[in-house]
Structures are given as C-alpha cells and as structure tokens.
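Quick notes on the structure that follows.
The values are calculated or read from the model by the stated rules, or taken from the named source; none is laboratory data. Nothing here was measured: the structure is a model prediction, and the numbers come from that model. When we count neighbours, we look across all protein chains shown, and the Cβ atoms used for this are built from the backbone with ideal geometry, even at glycine. Remember, those area values only see protein heavy atoms, side chains included, never the ligands or the DNA or RNA. Shrake-Rupley method; radii C 1.70, N 1.55, O 1.52, S 1.80 Å.
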Amino acid sequence: MADITRRLGWRHLRGAPTAHVRHHRSGKLAHDGPGLSFWFRSLSAALSEVPVDDRELAMTFHARTVDFQDVTVQATVTYRVSDPAVAAARLDFSIDPDTGIWRGAPLEQLGTLLTETAQQHALDVLARTPLSSALVDGVTAVRERVAAGLAAEPRLPATGIEIVAVRVVALRPEPEVERALRTPAREQIQQEADRATYERRAVAVERERTIAENELASQIELARREEQLVEQRGTNTRREAEENAAADKVRAEAEATRSVRLAEAEAARSVKLAEAEADRQVRLADAEAQRTERLSQAEATRTVRLARAEAEAAREVGEARAEAQAAWLRVHGDVDVATLHALTGTRLAENLPHIDSVTISPDVLTGLLSRLGAGERE
C-alpha cells in the first residue's frame, strides 16, 4: 500500500520498490515505475499500484479418480505481475488518492483465476487415474499437468501474469479409505516384525548357548592360567627373597666399610683438632704471659712515677706551709697586742654560730670601756 501525505490541497505519494505506480493526470500518463515519490492533486489524478514481487497462492481442492474415490489436492502456485501496464488495464489496481488503499480486490481476482485454472487441469488428470496410481505418482503428474496448463493458458499473459513455479504439497484420499489402504501394509509390516522377533529370539538362544560354551571354556582356561600364575608367583617370590638377601649382604658390607671409613676420618679429624687446640692454648698462654709481664712492668713504672710525684708534691706542700707559717709568725710578731686581740675577736666571730641578739650587762660594758680607755691612755 502506498504512503500518501496531505499538504495544503496537495498529496504526496511514496511507493515501495516492489510496487509499480502509474499516475495519470487529466488522462495523460505522468508517472510510471516502481518505488516512485511525487506530488499530485487528488482531483485530477488517477493512481494505480501494481505489486511486482513474487507472491504465493496456496490452494486446496477436491477431485475424483477413475474408480470414484475422492482425493484432496494441496498445491501452491508462485506468480508475479510481469507487465504492470497490461495488468492495470485488465484488472482494477486503482487506489484511493487520499488513503492509498485499493478500491477493488485485484489480488482476489488473480487468485480466483489461478485457482480455477489449476483445478481444471488437476481434475482432468485425476479423472483418468485410479486411486492407487494417484497416490503413487499423482503428485508428479498433477504438478506437471498444472504447470503445463498454466503456461499454455492465454489469459494469463494477456493479463500480464507470469507463473514462476508450481508445487503440489500433498494428495490425500478420504480418512476411511486411507486407513483401509494402510491396513494391508500394516499387517505385512506386523508379520515382518513378528518374524523378525522370532528370528531374533532364535538367534538370541543360539547366541546364549554359544556364550555359555565360551564362558565355560573361558573358566577352564582361567583356571589353568591361575595355576600357572600361582607357580610363577612362587618362583618370583623365591627369586625376590634371594635378591633381597644378596642386596642386604651387599648393603651391610657397604655400610660396614662406610662406618670404618667414617670412624677413621673422625679419628684423624679429632687428632687434628686436638693438636690445633693444644697449639692454640700454648699460643694463648704465651700471649697472656707476655701481656701480664708488660702490664706488670707498666704498673711498676706508673707506681714509681706516682710515688715520686707524691713525694715531690708533699715536699713542695711542706715547704709552702713552712714558709706560710713563718710569714704568719713574722707578721704577728710585729703587730701590737690590741691588734692581735681584734684579729682574734674577728676570727672568733667568723667561726661562731649565728646569733640573733646579744645582751650586755652594765658591769661588763663598764669593764670593757675602762679597759679601752686605759689602753688609749697608754
């Protein structure tokens, strides 16, 4: 169906690639072709849309064979419009300029034409064919006759129609007749199945007997091989014991040799270690003796030096004290008695403890003043 759009009194048509559009304006052909797109006025335009793609037409119809048996034929005819101009002239493919919908039913007319034509040729073939032959070769015969009849039909090219292919899907009798026709085949198949079952059972019995005989022979052979296996296992065990004993002997000898060598190596290593330790102890004793001797000499030297230094210091200190005492005595020898008394009081005051207050009685103060006066007179 074409897509038509309205704009201010104009119409715009947009067709599909599989649709052939014919546009007549005032009786003259203005546009002609598939997939067109154009503007037109609806009052002066006559539009036709013809599909040019391949179309499938399925049909089912009944026919009667020469032995008066009804059969149903299912077929499919593929066709296309090869000449759109002729088809538009013979059939009504006109569309509404406002909606783009066909005003008639052209595809239904084509379907009716093709169905009736194909049915006519199929009935002509089946009317001269018995049912058994129709069921065996009827599909091919009907397809070939319908294809030939449609190709020779003069009305189809005159309408612009081209037949692409014809297919006959099935050709079936009535259900009761079909079941009756299937019965002999089913019975024969059942008989074949029963015979196959009996033969299968006989073969199974024979195979079971053969299997039992094979199992018995296999058991006898297994018992004989088991006996050989027991003997071989005993032989293998004995050989394994002998090999293990020989290996243990070799291993013990190797272990003894290794132990002797290890003991010898350990003894030699111990002797070397003892010698090295003794040598180290001797060297350490010598070194310790030398160090002790050096320390003793150094200590004696230091003691002598200290004694000399102390003696020298004591001598110098004694001399300094003697000189100081002599000087002190000389100074005090030259000073008068009053000054010595004052110095004595001063020294006594320096060495007395802290006194907060002193109380002097009048007697003591009078005696001191008398003494001071006498001293001044003297």
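The table for this structure:
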item: Label-to-label distance, nm, for residues given as LYS272 and ASP67 (7 Å Cα→Cβ offset); result: 12.0 nm
item: Charge sum, other residues only, whose C-beta stays under 14 Å from ALA311's C-beta, Lys/Arg counted +1 and Asp/Glu -1; result: -1
item: R0 of 30 Å, Cβ-Cβ distance THR112-ALA85: FRET efficiency to nearest 0.05; result: 0.85
item: Student exercise, the chain dipole from Lys, Arg, Asp, Glu Cβ charges, in Debye to nearest 20; result: 2120 debye
item: Between 0 and 90°, nearest 10: helix 175-334 axis offset from the chain longest Cα axis; result: 20 degrees
item: Area accessible to solvent at TYR198, 1.4 Å probe radius, in Å²; result: 140 Å²
item: Rounded to 10°, Cα long-axis angle of helix 337-351 versus longest principal axis of the chain; result: 30 degrees
item: Shape call, region 1-110: gyration tensor on alpha carbons, a/c limit 1.5; result: prolate
item: Cα gyration tensor shape for region 32-97, rounded if a/c is under 1.5, else prolate or oblate; result: prolate
item: GNM result for the chain, Cα springs below 10 Å: residue of ARG172, ARG302, ARG209 fluctuating most strongly; result: ARG302
item: Geometric extent, Cα atoms of region 207-284 - Rg, Dmax (angstrom); result: 32.3, 103
item: C-alpha center-to-center spacing [region 1-51, region 55-132] in angstrom; result: 29 Å
item: For the chain, calculated [θ]222 nm from helices alone, where every DSSP H run of n ≥ 4 adds -39500 (n - 2.57); result: -24000 deg cm²/dmol
item: Calculated FRET efficiency for the pair ALA252/GLU226, C-beta based, R₀ 30 Å, to 0.05; result: 0.20
item: Using a Förster distance of 45 Å, the FRET efficiency for TRP39-ARG155 (Cβ separation, nearest 0.05); result: 0.75
item: Nearest-ten-degree value, helix 362-377 long axis tilted from longest Cα axis of the chain; result: 60 degrees
item: Global geometry of the chain, whether rounded, prolate or oblate, following the gyration tensor of its Cα atoms and the 1.5 cut on a/c; result: oblate
